[in-house]
Amino acid sequence: MKEVIQDIIIRNSDDYIINMGPQHPSTHGVLRLELSLQGEKVKYVVPHIGYIHRGIEKMCERDTYQQIIHLTDRFDYLSAHMNNEAVCLNVENALEVEVPERVKYIRTILDELNRLASHQLWWCAFGMDLGALTTFFYGLRDREVILDIFEESFGSRLLHSFNTPGGLMHDIHPNFQKRTKEFIKYFRKKLPEYDQLLSNNVIFQMRTKGIGYMSKEVAISYGVTGPSGRASGFSCDVRKNHPYSAYDKVDFKEILDTTGDTFTRYKLRIAEMWESMNIIEQLIDNIPEGDYTAKMKPIIKLPVGEYYQRVETSRGEMGVFIISDGNKFPVRVKFRTPNFANLFVLNKIGSGNKIADIVAISGSLDLVIPDIDR
Amino acid sequence: MTNDQLKEKISEWVSGIEFPENKQYLEVLVPANSLKKLAELLHNTPETDFDYLISLSGVDYVSHLAVVYHLESTSHKHFLVMKVKTEDRENPNFDTVNEIWRTAEWYEREVFDMFGIKFNNHPDLRRLLMDDDWVGFPLRKDYKDEIKMIER
């Protein structure tokens, strides 16, 4: 018999409650945390979500599969490409369409570029949450280079909707390979600066080491995936466990750690950035020639059935569950977004700490609020 | 465990089980009254060891309401889709699984919010995404969108 993990909150009328949010700068969006305090110690945390609930799952029921792609950008806007890919892969698998090799390679490269951009933004915002303002300028400086590559190839910087069922919207820009290689060369020099600036900072280490410990059992039971889960030893990398696109052709390691505190979650994301650059370098010179999309019908109708597809976004496991009745509109689309589960663990790992530690812990979980509210 | 072994094991444990056709994964349709028993057995038995609840979704099939559980074992890497359904639209209710997989607490709140399915013994069954005073359950097929929020 396994140990049962319990952290049911019991509220009392004489609890001392303060609200953190909905407009608190450290939540990076509209999230309200109800904190019960005892002195400066936090007794429990109740997250209140739904401030930017847009009903995307309901909207999907009146949209075609091509239109759904554009809605998925708006969940985790920092992993827009991976979110698109989740829906595309699901539709392709359901239709049993084989996409060209070229598409698989480009998708994988873009996934990793997107992951790098996302981790850079997380790094600079995390430093800023803990009072190190310089990180913000360093992070955004490097992220700008990736966004420029995106802009040149897809015409937009953040929400590119570049994937379509069957392939890509159009071919990549002729400069894409050259500029990506230049960026990798540039960023390999810049990434050690991140360690010098923040990771080795004594104040930063004191604020993050040993704070917000999460065990492997807790990570699995709460469904905490992505770098936050892997920092606790939960091997949850979809790229490794269930390879999609060109991930089965590249050699990379799933970075795991078992310490499980805030500093480990931080270190793990820095290590993932190195690994992402490795993956891009293996693929960028080997993009096969060919079409940028498979031949698809203009109106996509999925066969009757239920389909589930998982991908790894920069924050964890993203799942798309589509139920089709054979029409061009789906009956039901459910998105399993990583941040939804990642936020719920906050009470478990955050209670018992001080208020300022909640900022560090929620920062290390790398929350993007639209991804929670959908 | 292979899918066939899982099938055999599950039919041994609980009676009245059905295995609907699913192209991707093994799917199990559980009678509502044995949902909790099967969930506990799947989670606690070392051979099955379904310790990771990936997602929990409510579905309105018009003829009935259902809850779909996507389960994976982190040690054995096998996958299972567990489904439970009810034809009662007035007062649908199932047992909660939040003590087994803690992540279910919020997923069940979301299903309650969107489909009005109640979960017995849930510790904190409030609306999650919609306002507390919202009337109706938006993701149901018979939901009346009176203020034209979705259809223009």
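The values are calculated or read from the model by the stated rules, or taken from the named source; none is laboratory data. Small disclaimer: the values here were computed from a predicted structure and weren't measured. We place every Cβ from the backbone using ideal geometry, glycine too, and count neighbours over all the protein chains shown.
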- prompt: Consider A:E254 against the criteria (1) buried (at least 17 other Cβ atoms within 10 Å of the Cβ); (2) within 16 Å of the chain's Cα centre (by Cα): it satisfies all of them except one. Which criterion is unmet?
  reply: (1)
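Can you confirm whether region A:255-270 contains a residue that is free of Cβ contacts under 8 Å to residues at least 24 places away in the same chain and either out of contact with any helix residue (DSSP H, G or I) (no Cβ under 8 Å at 6 or more places or on another chain) or away from chain B (no Cβ under 14 Å) (or both)? Talk me through it step by step, then tell me what you get.
We begin by selecting, within region A:255-270, every residue free of Cβ contacts under 8 Å to residues at least 24 places away in the same chain; these are none.
Among the residues of region A:255-270, not one is free of Cβ contacts under 8 Å to residues at least 24 places away in the same chain and either out of contact with any helix residue (DSSP H, G or I) (no Cβ under 8 Å at 6 or more places or on another chain) or away from chain B (no Cβ under 14 Å) (or both), which makes the answer no.
Suppose we filter A:K185, A:K216 for residues that are away from chain B (no Cβ under 14 Å) and modelled with pLDDT of 85 or more; which single one remains? Spell out the reasoning first.
Numbers: A:K216 fails: away from chain B (no Cβ under 14 Å).
On inspection, the qualifying residue turns out to be A:K185.
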message: Whether any residue in region B:42-55 is within 8 Å of chain A (Cβ to nearest Cβ), among the small types (G, A, S), within 24 Å of A:V345 (Cα to Cα) and not in a loop (DSSP other than H, G, I, E, B) is what I want to check.
response: yes
- prompt: Just checking, how many residues over region A:274-325 are on the phi > 0 side of the Ramachandran plot and within 14 Å of chain B (Cβ to nearest Cβ)?
  reply: 2
message: Out of A:I322, A:I299, I need the residue that is crowded, with 21+ Cβ neighbours inside 10 Å and either in a helix (DSSP H, G or I) or of a type in the set (A, V, I, L, M) (or both). Which one?
response: A:I322
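Suppose the filter is part of a loop (DSSP other than H, G, I, E, B), within 11 Å of another protein chain (Cβ to nearest Cβ) and either touching a Pro at 6+ places or on another chain (Cβ under 7 Å) or without any contact (Cβ under 8 Å) to a residue 60 or more places away in the chain (or both); does B:E21 pass it?
Numbers: part of a loop (DSSP other than H, G, I, E, B): yes; within 11 Å of another protein chain (Cβ to nearest Cβ): yes; either touching a Pro at 6+ places or on another chain (Cβ under 7 Å) or without any contact (Cβ under 8 Å) to a residue 60 or more places away in the chain (or both): yes.
For B:E21, the condition - part of a loop (DSSP other than H, G, I, E, B), within 11 Å of another protein chain (Cβ to nearest Cβ) and either touching a Pro at 6+ places or on another chain (Cβ under 7 Å) or without any contact (Cβ under 8 Å) to a residue 60 or more places away in the chain (or both) - is met.
For (1) surrounded by fewer than 18 Cβ atoms within 10 Å (Cβ to Cβ); (2) more than 28 Å from A:H170 (Cα to Cα); (3) away from every other protein chain (no Cβ under 14 Å); (4) not polar (S, T, N, Q), each residue gets a yes or a no:
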site: A:Y51; (1), (2), (3), (4): yes, yes, no, yes
site: A:S79; (1), (2), (3), (4): no, no, yes, no
site: A:I109; (1), (2), (3), (4): no, no, yes, yes
site: A:G131; (1), (2), (3), (4): yes, yes, yes, yes
site: A:T134; (1), (2), (3), (4): yes, yes, yes, no
site: A:Y138; (1), (2), (3), (4): no, yes, yes, yes
- prompt: Which one of these is assigned to a loop (DSSP other than H, G, I, E, B) and more than 10 Å from chain A (Cβ to nearest Cβ): B:N98, B:N91?
  reply: B:N91
